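K.L.:
Right, I'll just put the structure down here and ask away after.
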Amino acid sequence: MHNNNADLRTVRVRFAPSPTGSLHLGNTRTAIFNWLFARHTGGKFILRIEDTDRERSTPESVNVILESLRWLGLDWDEGPDVGGDFGQYYQMQRLDKYKKYADILVKKNMVYPCFCSPERLAEMRHQMQKKKLPPRYDGKCKNLSEEEIKHLTSQGIKHVLRFRVSATGITEFNDLIHGKISIENSVLDDFVIVKSNAGPTYNFACVVDDIEMKITHVIRGDDHISNTPKQIAVYKALGLDPPEFAHIPLILGPDKAKLSKRHGAASPLEYRDMGYLPHTLLNFLVLLGWAPGDNREVMSRDELIENFSIGKINDSNAVFDSQKLDWMNGLYIRKMPLSELADIALEELKKAKFIKDTKEVDINKISKIVGLIQERLKKFSEIPQLINYFFNEPVYEEKSVRKFLKKDGVPEMLQELCRVIKEVEPFDIETLESAVRGFIEKKGVKPGDVIHPVRVALTGRAASPPIFDVMEVLGKATCLLRLLKAR
Ligand code: GLU
């Protein structure tokens, strides 16, 4: 653990999503790192909904966020639904608090009203861009007199509140992932803290909430590094110490561009619907940028909590690898008890409309069937496709039919085999196998000359679980029917 005063206090961290869309993987990983840090240190994990963007925030998005976190098992100690001593946990319900802090800053003359119209600001930005200068406020309203302010206000002209940023010196902070970060104050703008509709901006509301909620560590994405000096300036203006900061590097797609939908990345709930286990996604995302320091990759929740530390988060960007995600999901599926997998398979079969009424289904049979594919399964959504021939007539792969069934001698061979199979009693794997092997020996052919056509006849495809297992589950009548039909 790092050395600082914050360690003496109970750790309080927050995940503060803006409900303006679905939760993407970068934010999901930010939530996971915050949660792991809280659980590792015995601290508190707080969920705060940053919904001050009134046009883009939606209740649907809030629901997606809450459901995603719940699905992943990231329980919050304070926040929506559970409450807490430092609520409310939706920013739109905390407007009185922002007002209180804005008034303090006004009194200290750390902020000033700015009456510039959006048109003037747009023109100003345009001119600066033309001169290849970073767009920043030119300070027109910085030194208005009391009279001027009164006059403009009396005319009903709307204003925002701007923070007076010192134009000289540097702002420095020790990032727990990146080390020392220094930013010249001259690049900072006199940023807006209260909008003309009286709502707070992100940089202001975030600081007020982090103060009021007694946040000790701010763990968030790298994309917020440029906001941190502004936020530190607000803490200083209020005479308060900022919390610790840890900025997590980005997740990149395989092409090294910022991970997006384009790379097939989805939100946690979409991964759920595609058939990934919550713990797969959790374990996988933790490893994007963090490692326990040894070669372990597959780790339980408890192991992750026990081993997690901010200091071991990598300071360079992580690359998303969907094959690794599939591999890991397959691994966790293999560890699942068969009964659990059978229940999931039943749901998937219903979803795919392969079965209508679950009451008609023999769950033992489903158990047996998924047992046959558990080894090769990568995600649950593959189940119906992999086992449909147990429930419906096989869909015959043209290429396999041509290669294995439409061959000289095969129809006759299948006919002969049917006579053998008819006599197999009991119809179990061993008895079947010894009967068919006997048949192969008697005919003096290669095992493949019999097994491959039988496989295609029964399943429609060239690849399937071990064929005698398949036959046992299908039962004698179905096997005979399909073999005769294929012939
Ligand atoms: N609402 C901000 C976001 O979603 C929060 C950033 C922060 O954690 O300070 O990016």
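Read-outs throughout are calculated quantities, based only on the coordinates presented, and are distinct from any laboratory measurement. Just so you know, these numbers come straight off a predicted model, no measurement behind them. Here the Cβ is made from the backbone with ideal geometry for all residues, glycine too, and neighbour counts use every protein chain on show.
K.L.:
What lysines does Lys351 reach when the alpha-carbon gap must be under 21 Å and sequence neighbours fewer than 8 apart in one chain are set aside?
P.N.:
Lys359, Lys365, Lys368, Lys378, Lys379
K.L.:
Okay, next question. Hey, what do the phi angles of region 159-171 turn into as Karplus ³J(HN,Hα) couplings, whole Hz, using 6.51/-1.76/1.60 and θ = phi - 60°, x for Gly and Pro?
P.N.:
With coefficients 6.51, -1.76 and 1.60, one gets 9, 10, 10, 10, 8, 7, 8, 6, 7, 10, x, 10, 9 Hz.
K.L.:
Convex hull over the Cα atoms of region 90-145, averaged projected area in nm²?
P.N.:
Orientation-averaged projected area of the Cα hull: 5.6 nm².
K.L.:
Among Met299, Pro384, Phe86, flag the residue with its Cα farthest along the positive direction of the charge dipole of the chain, charges on Cβ as +1 for Lys/Arg and -1 for Asp/Glu.
P.N.:
Final value for the positive-end residue is Pro384.
K.L.:
Taking the chain as the reference, fit the longest principal axis to its C-alpha atoms, fit the long axis of helix 338-351 to the helix C-alpha atoms, and give the angle between the two in degrees, 0 to 90, nearest 10.
P.N.:
Between the helix axis and the principal axis of the chain, the angle is about 80 degrees.
K.L.:
Fully extended, how many nm does the chain gain between Glu147 and Ser381 (0.36 nm per residue separation, minus their Cα-Cα distance)?
P.N.:
Values: separation 234, 0.36 × 234 = 84.24 nm, distance 6.89 nm.
Once the chain is fully extended between Glu147 and Ser381, it gains 77.3 nm.
K.L.:
Now a separate question. Can you list residues whose amide H is under 5 Å from Lys44's amide H, if they're 5+ apart or on another chain and H is modeled 1.01 Å from N?
P.N.:
Here the answer is Val11, Arg12, Val13, since their amide H atoms fall under 5 Å of that of Lys44.
K.L.:
For the peptides 309-322, 19-32, what is the packing order when you average, over each peptide's residues, the other Cβ atoms within 10 Å and list the highest mean first?
P.N.:
19-32, 309-322
K.L.:
Which value does Rg/Rh take for region 395-437 over its C-alpha atoms, Rh per Kirkwood?
P.N.:
1.09
K.L.:
I'd like the orientation of helix 410-422 relative to the chain: the angle between its Cα long axis and the longest Cα principal axis, in ° from 0 to 90, rounded to 10.
P.N.:
80 degrees
K.L.:
Across region 222-338, what fraction of all alpha-carbon pairs, as a whole percent, falls in each successive 5 Å bin from zero upward?
P.N.:
All Cα pairs considered, the percentages come to 2, 9, 16, 18, 18, 14, 9, 7, 4, 2, 1, 0, 0.
K.L.:
Another one. Can you give the FRET efficiency for Asn392 and Arg56, using 1/(1 + (r/R0)^6), R0 = 35 Å, r = Cβ-Cβ distance, to the nearest 0.05? Mind dumping the intermediate values first?
P.N.:
Values: r = 46 Å, r/R0 = 1.31.
E(calc), rounded to 0.05, equals 0.15.
K.L.:
Please arrange Tyr235, Tyr98 by counting, for each residue, the other beta carbons lying within 10 Å of its beta carbon, fewest first.
P.N.:
Listed from fewest to most nearby Cβ atoms, that is Tyr235, Tyr98.
K.L.:
Additional query: List the residues whose amide H sits under 5 Å from the amide H of Val218, counting only those 5 or more places along or on another chain, with H placed 1.01 Å from N in the peptide plane.
P.N.:
Amide H to amide H, under 5 Å and 5 or more residues apart or across chains, Val218 pairs with Glu244, Phe245, Ala246.
K.L.:
Right, another one. How large are Rg and Dmax for region 112-180 when calculated on the C-alpha trace, in angstrom?
P.N.:
Cα only, region 112-180: 16.4, 50 Å (Rg, Dmax).
K.L.:
At a Cα cut-off below 13 Å, give the aspartates and glutamates reachable from Lys236, other chains included and same-chain residues fewer than 8 away excluded.
P.N.:
Output for Lys236: Glu172.
K.L.:
Set the Förster radius R0 to 41 Å, insert the Cβ-Cβ distance between Asp241 and Gln127 as r into 1/(1 + (r/R0)^6), and round the FRET efficiency to 0.05.
P.N.:
0.60
K.L.:
List the lysines whose alpha-carbon lies under 18 Å from that of Lys44, not counting same-chain residues fewer than 8 positions away?
P.N.:
Qualifying lysines at Cα under 18 Å: Lys214.
K.L.:
Give me P(r) over the chain, computed from all C-alpha to C-alpha distances, binned every 10 Å, as integer percentages.
P.N.:
3, 15, 20, 18, 13, 10, 8, 6, 4, 1, 0, 0
K.L.:
Strictly over 29 Å apart at the Cα level, which of Lys180/Lys324; Lys403/Lys443; Lys256/Lys312 would you flag in this model?
P.N.:
Pairs exceeding 29 Å: Lys180/Lys324.
K.L.:
Take Asp315 and Ser196, extend 7 Å from each Cα along the Cα→Cβ direction, and tell me the distance between the two endpoints in nm.
P.N.:
4.3 nm
K.L.:
Which whole-Hz couplings ³J(HN,Hα) result when phi for each residue of region 133-141 is put into the Karplus expression 6.51 cos²θ - 1.76 cosθ + 1.60, θ = phi - 60°, listed in order with x for Gly and Pro?
P.N.:
3J(HN,Hα) across region 133-141, in whole Hz: 9, x, x, 8, 5, 8, x, 3, 9.
K.L.:
Compare the peptides 269-279, 401-411 by average per-residue count of other Cβ atoms within 10 angstrom and give them in order, highest first.
P.N.:
Output ranking for 269-279, 401-411: 269-279, 401-411.
K.L.:
With no solvent and one point on each alpha carbon, what is the Debye value of log10 I(q)/I(0) for region 296-363 at q = 0.24 Å⁻¹?
P.N.:
Relative scattering, expressed as log10 I(q)/I(0), comes to -1.14.
K.L.:
What nm distance separates the two modelled labels at Thr431 and Ala291, each placed 7 Å from Cα along Cα→Cβ?
P.N.:
5.5 nm
K.L.:
If you don't mind, another one. Just for the Cα atoms in region 86-225, what are the lengths along the principal axes, largest first, rounded to whole Å?
P.N.:
Over region 86-225, Cα extents along the principal axes are 46, 40, 24 Å.
K.L.:
Oh, and also: Can you give me the Cα centroid spacing of region 78-95 and region 268-296 in angstrom?
P.N.:
First find each Cα centre; the distance between them is then 29 Å.
K.L.:
What angle do you read, to the nearest 10 degrees and between 0 and 90, between the alpha-carbon axis of helix 59-72 and the longest principal axis of the chain?
P.N.:
Once rounded, one gets 60 degrees.
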